[in-house]
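J.: Can you keep this structure in mind? I'll have questions shortly.
Where a number appears in this text, it was derived from the coordinates with a stated rule and is not lab data. Since this is a predicted model, take the numbers as computed values, not measurements.
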Amino acid sequence: MTVIAALLAEAVLLGGPLTWWLARSVWAGRHPQTAIRIWHASAVGVLVSLATVLVLAAHDVWEHAMVWLFHADKPLIHAAYGGAWMARGIGEAALLVLLGGATAMAGLAMRRALAQRRARDRFRLTVDTDGEATDDPRVRVIDHDGPAAFCIPGTRGQDRIVITSATRALLTAEQLAATLEHEDAHLRLRHHRSILTAEVITTGFGRFGLLRHYAEQVRRLAELAADDQASAAHGRLTVAGALLEMGSAVPTAPKANGMPALTGPDVAGRIRRLIAAPVRRRTPTPVGLLAPVALLVALVAPSGLALAPAVLLMGTAHQARAAAEHPTVGSRVDSRL
């Protein structure tokens with residue numbers, strides 16, 4: 001029971017206070033791509049912790065595995081993991097919940113991924129047919145009165161960056177180049193995958209208060225990361241100028257739902273950020289290590305909590321057998337235990 005309570009506490013900590021702090025931390029805005037990875041690591045930690053809880057709830061299967069793996073005494077293992085509170089059948093119910101939840105989340109992810117892929121394929125066909133080709137085979141210009149710039153992710157050779165004729169007329173050559181670099185950064189960093197993952201998990205857990213701001217923050221950080229990539233190539237003031245021109249235009253741009261666009265969330269905040277602070281071309285090594293360390297902890301901590309009682313009881317089966325065969329030795333073993 002103690003192990004399960006610790007795992008639930010870990011899931012709540014990773015999905016609640018930690019994400020609350022991460023959503024409000026200043027350093028995340030300075031290193032957005034690293035922050036995205038840490039958000040993903042937090043989500044992995046929550047998922048692994050809850051999955052481990054359900055596996056532990058299926059105590060019969062788990063206890064047999066621990067007895068076999070660590071040669072521990074079965075009554076002691078049962079007392080550590082199950083105890084009198086575990087009713088018969090709860091293990092099977094827990095496994096059904098685990099399988100049902102995993103199936104539902106996988107189905108939701110598949111439906112959304114297929115829906116977005118169909119929308120991108122339809123839009124790609126439209127821009128390839130009606131759009132104006134440019135020197136870059138990935139870039140298309142569509143005739144529209146509203147300024148817009150967005151990308152259409154796809155497999156190799158199928159990525160597209162789309163701008164409208166109004167965008168080309170509105171922006172300077174340098175601003176237009178920065179805009180294209182911004183969209184290219186979305187494609188290189190595969191931000192659409194990060195956003196889809198965050199949306200699916202937030203849909204499943206946000207209503208319970210876990211990872212509530214996951215999708216919102218990943219979308220915001222993806223735009224900051226793309227801004228930084230464009231600023232590194234063309235200057236932050238150029239990117240800020242492009243954002244200001246595009247954000248100030250009349251909002252009659254074509255719809256590009258689910259496709260990363262230059263005028264994404266919080267345009268005003270992004271402009272202030274670009275003007276106020278220089279872009280870091282490289283993430284400092286200590287900050288860059290945060291994401292892999294966070295992911296490692298998220299993966300190892302639940303397993304460590306789950307295995308700790310079994311490790312502490314390692315070899316007790318041999319001691320119990322020795323006590324049964326040699327009562328005198330058994331009394332000394334019992335006194336030590």
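J.: Give me a comma-separated list of calculated 3J(HN,Hα) values for the range 215-229, in order, Karplus coefficients 6.51, -1.76, 1.60 applied at θ = phi - 60°, integers in Hz, x for any Gly or Pro.
T.: Each residue's phi maps through the Karplus curve to give 5, 4, 6, 5, 4, 5, 5, 4, 5, 5, 5, 5, 4, 5, 5 Hz.
J.: Counting only residues 5 or more places away or on other chains, whose amide H sits under 5 Å from the amide H of ALA72 once H atoms are built in the peptide plane?
T.: Long-range HN contacts for ALA72: GLY315, ALA317.
J.: If you average the C-alpha positions of the range 7-52 and of the range 115-181 separately, how far apart do those two centres end up, in angstrom?
T.: Their Cα centres are 34 Å away from one another.
J.: I'd like the Karplus ³J(HN,Hα) series for the range 139-153: coefficients 6.51, -1.76, 1.60, θ = phi - 60°, whole numbers in Hz, and an x wherever there's a Gly or Pro.
T.: In residue order, the calculated couplings are 9, 10, 10, 9, 7, 7, 6, x, x, 7, 8, 7, 10, 10, x Hz.
J.: Let me ask you something else. Check ALA149: other-chain or 5+ apart residues with amide H under 5 Å from its amide H, H built from backbone geometry?
T.: LEU262, THR263
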